[in-house]
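Before any comments, here is the structure.
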Amino acid sequence: MTDLFPLRRALLSVSDKTGLIDLAQALSASGVEILSTGGSAKALRDSGIEVTDVAAVTQFPEMMDGRVKTLHPKVHGGLLALRDNPDHQAAMEAHDLAGIDLLVVNLYPFEQTVAGGGDYDSCVENIDIGGPTMLRAAAKNHNRVTVVTEPKDYAAIVKEINENNQTSIKTRRKLAIKVFQKISEYDSIIHHYLMSHHVLS
């Protein structure tokens with residue numbers, strides 16, 4: 001059985017825009033539909049890349065200064081659905097969910113905000129919620145979903161997509177492992193920061 005499946009739909013939502021345009025151009029040239037949010041969507045449009053706002057998919061606006069934008073079943077159902085499971089397929093059809101085959105997310109720059117001398121409120125505001133949630137969902141479903149969290153991995157992903165219109169299971173598993181490592185490190189940094197600002201009674 002092949003582990004290669006057509007890559008039709010990608011969600012790009014990044015704080016670090018490094019390499020974003022080149023990646024999106026390559027995906028668009030391969031016929032991949034691109035979903036995006038906020039500043040990422042604007043950057044893509046400004047470069048002439050066709051993009052669909054996640055809010056248009058969820059039919060729910062971004063709100064609370066972007067704190068709530070991707071926490072929706074149409075995003076997480078698209079990432080978590082087992083495409084070969086009849087019950088999951090039925091749920092997707094019943095609730096008008098479409099699969100997301102590639103997720104590209106990097107996390108809010110919490111560590112950089114702390115290192116730059118940000119005040120407490122600024123640092124807390126840079127604790128990412130939607131990003132880790134999407135990353136975990138995509139990484140859990142890495143048998144079918146490719147998840148990328150670092151710009152340095154874009155070129156290798158594009159190469160595989162150009163060759164096969166998908167990534168190999170070996171690549172997807174490697175990237176999933178990297179995601180869980182990244183989230184673990186990210187949460188550890190937040191934990192230590194909050195502990196350093198908490199006076200134990």
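The values are calculated or read from the model by the stated rules, or taken from the named source; none is laboratory data. Please read these numbers as outputs of a predicted model, since none were measured by experiment. Please note: Cβ atoms are built from the backbone with ideal geometry, for glycine as well, and neighbour counts cover all protein chains shown.
Picking from K178, K182, K174, which residue would you name as being without any contact (Cβ under 8 Å) to a residue 12 or more places away in the chain and either part of a helix (DSSP H, G or I) or within 25 Å of Q25 (Cα to Cα) (or both)?
That would be K174, the only listed residue that is without any contact (Cβ under 8 Å) to a residue 12 or more places away in the chain and either part of a helix (DSSP H, G or I) or within 25 Å of Q25 (Cα to Cα) (or both).
For F180, work out the one condition from (1) modelled with pLDDT of 95 or more; (2) in contact with a Gly (Cβ under 9 Å, 6 or more places away or on another chain); (3) not β-branched (V, I, T) it doesn't fulfil.
The one condition F180 does not meet is (2).
So how many residues does segment 111-144 have that are surrounded by fewer than 19 Cβ atoms within 10 Å (Cβ to Cβ) and not in a loop (DSSP other than H, G, I, E, B)?
Residues flagged as surrounded by fewer than 19 Cβ atoms within 10 Å (Cβ to Cβ) and not in a loop (DSSP other than H, G, I, E, B) within segment 111-144 amount to 13.
Mind listing just one residue for me: the one in segment 78-93 that is part of a loop (DSSP other than H, G, I, E, B) and not basic (K, R) and, of those, farthest from R144 (Cα to Cα)?
Checked segment 78-93; the qualifying residue farthest from R144 (Cα to Cα) is N85.
Report, by residue number, each residue of segment 22-54 that is under 20 Å from E163 (Cα atoms) and assigned to a helix (DSSP H, G or I). Quick ask: steps written out before the conclusion?
At the first step, the residues of segment 22-54 found to be under 20 Å from E163 (Cα atoms) are 22-34.
Correct list: D22, L23, A24, Q25, A26, L27, S28, A29.
In segment 145-175, which residues are modelled with pLDDT of 90 or more, charged (D, E, K, R) and either over 17 Å from the mean Cα position of the chain (by Cα) or crowded, with 21+ Cβ neighbours inside 10 Å (or both)?
Answer for segment 145-175, where residues must be modelled with pLDDT of 90 or more, charged (D, E, K, R) and either over 17 Å from the mean Cα position of the chain (by Cα) or crowded, with 21+ Cβ neighbours inside 10 Å (or both): K159, E160, K170, R172.
Kindly provide the set of residues from segment 8-21 that are among the basic types (K, R) and more than 22 Å from E160 (Cα to Cα), ordered by number.
Taking segment 8-21 and keeping what is among the basic types (K, R), we get 8-9, 17.
Result: no residue meets the conditions.
Identify all residues within segment 1-21 that are under 24 Å from L97 (Cα atoms) and not in a loop (DSSP other than H, G, I, E, B); write none if there are none.
Result: R9, A10, L11, L12, S13, V14.
Could you tell me whether R144 is farther than 27 Å from V57 by Cβ, touching a residue at least 12 places away in the same chain (Cβ under 8 Å) and not aromatic (F, W, Y)?
no
Residues to consider are I100, I157; find the one that is part of a loop (DSSP other than H, G, I, E, B), under 26 Å from L80 (Cα atoms) and among the aliphatic types (A, V, I, L, M).
I100
Is at least one residue of segment 70-91 at pLDDT 90 or above and at positive phi?
The answer is no; no qualifying residue exists.
Please go through segment 55-67 and pick out each residue that is at pLDDT 65 or above and not in a loop (DSSP other than H, G, I, E, B).
Across segment 55-67, the qualifying residues are A55, A56, V57, T58.
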